[in-house]
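Here the structure is laid out as structure tokens; the discussion comes afterwards.
None of the figures in this text is laboratory data; all of them are computed from the coordinates on show. Since we're looking at a predicted model, the values are computed, not measured. No Cβ is skipped: glycine too gets one built from the backbone with ideal geometry, and neighbour counts run over all protein chains shown.
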Amino acid sequence: MNVRELAQSAIGDTAGVDSLLAQKWVSDRIVELGTVTLAKPLRRLLELTIPATVTAGTITTTQGSKTVTGDATAQAAWSKSLVGRHIKADSQNGWYEIAGFANNQITLTSPWFGAALSATGYTIAPRKIELPKNIRAIGAVRNLRHNTQVKRIMLDDLDLHEPGRTQRSGGPRVFTEIGINDNEQRVLEFYPYADEDVLIAYTGYLKIEPFKGHQEIPNFVDAYVLIEGVKLNIYEHKMAQALDAGNADVGATWGNLAARQHTRWKAARTDFIANNESVEDAKFILESYGSIRGDSDGDIMSARDHIALGWSPLT
């Protein structure tokens with residue numbers, strides 16, 4: 001069944017309802033249902049790579065300047081791939097976003113407000129990781145280098161406990177959502193940073209775009225659920241028309257129908273959520289990668305790992 005056909009089913013014998021408007025309501029209800037829960041059919045197992053921190057060589061800066069100059073060792077490690085990452089001098093707390101790289105020099109988005117530096121150690125870290133534009137939400141996240149869960153925390157909590165982001169290796173162990181950028185991409189920060197590239201597995205949930213009349217109803221939504229929602233739109237629309245025309249009695253009749261339909265829609269929506277919500281993302285990742293401790297052994301991070309992998313005793 002496509003959107004046009006379902007809209008007509010919802011209209012039924014109700015006179016004076018525009019078919020195109022009903023089709024829009026069908027589309028709106030599909031998008032709504034795809035947003036209220038992490039529906040399993042919209043889940044994808046995805047990967048991203050967090051680049052390693054860069055610490056080679058030393059830097060020289062001038063207070064008030066946007067230019068950072070590196071020594072020969074630093075210049076050999078720098079490239080245009082650093083644009084969008086952040087740099088911090090080891091002797092100072094502030095992070096600066098890198099806006100450009102040319103002629104072996106880094107250009108910052110804002111002037112260097114700290115004291116001028118000469119031949120000082122530094123760290124360049126990927127503080128902002130952008131997800132694909134079609135990802136609406138993320139579930140479980142796993143560090144495939146260490147084979148450990150990466151836990152979600154609030155940005156305020158990370159800022160409270162690690163305001164200067166001083167750890168540049170050993171991660172990541174946590175992540176936080178920074179927000180959505182101008183390209184409508186979700187932006188994450190993983191912490192601590194790592195001194196090697198780290199492969200991350202995560203479950204991403206796809207966005208649902210508005211549907212056109214000829215498009216088929218997605219198979220994870222039962223038609224009856226959508227019809228209950230569209231009928232509520234229809235009754236509310238008819239009530240508004242009657243009241244605008246000064247027909248209070250007719251408007252009240254449609255209002256009563258809308259009130260009863262609201263209860264039916266709420267029940268159908270609750271059923272949909274119960275039947276579609278995904279609650280086993282972590283297990284989904286583990287199973288997809290062969291239980292993790294089988295096919296791909298990660299770094300040994302604890303005595304428990306040492307015993308589990310059957311290694312010889314530590315000396």
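A few remarks follow.
- No other residue among 50, 30 is buried (at least 19 other Cβ atoms within 10 Å of the Cβ), aliphatic (A, V, I, L, M) and out of contact with any strand residue (DSSP E or B) (no Cβ under 7 Å at 6 or more places or on another chain) apart from 30.
- Segment 168-187 residues that are on the phi > 0 side of the Ramachandran plot, paired with ones that are β-branched (Val, Ile, Thr) (beta carbon under 7 Å, 6 or more apart): 179/187
- Scanning segment 68-96 for residues that are loosely packed, with under 14 Cβ neighbours inside 10 Å and touching a residue at least 60 places away in the same chain (Cβ under 8 Å) yields a total of 1.
- Residue 166 fulfils the conditions (1) among the hydroxyl-bearing types (Ser, Thr, Tyr); (2) farther than 21 Å from residue 40 by Cα; (3) surrounded by 13 or more Cβ atoms within 10 Å (Cβ to Cβ) except for a single criterion, (3).
- Single unsatisfied condition, residue 223 versus (1) crowded, with 16+ Cβ neighbours inside 10 Å; (2) under 25 Å from residue 40 (Cβ atoms); (3) of a type outside the set (D, E, K, R): (1)
- Filtering segment 102-127 to residues that are of a type outside the set (S, T, N, Q) and buried (at least 17 other Cβ atoms within 10 Å of the Cβ) leaves 106, 108, 112, 117, 122, 124, 125, 126, 127.
- Here residue 239 fulfils each of the conditions (1) touching a residue at least 24 places away in the same chain (Cβ under 8 Å); (2) in contact with a Gly (Cβ under 8 Å, 6 or more places away or on another chain); (3) surrounded by 19 or more Cβ atoms within 10 Å (Cβ to Cβ); (4) not hydroxyl-bearing (Ser, Thr, Tyr) apart from (1).
- Test for residue 127: is it touching a helix residue (DSSP H, G or I) at 6+ places or on another chain (Cβ under 8 Å) and of a type outside the set (S, T, N, Q): no
- Selection count, segment 22-64, where residues are among the acidic types (Asp, Glu) and either in contact with a helix residue (DSSP H, G or I) (Cβ under 7 Å, 6 or more places away or on another chain) or over 19 Å from residue 187 (Cα atoms) (or both): 2
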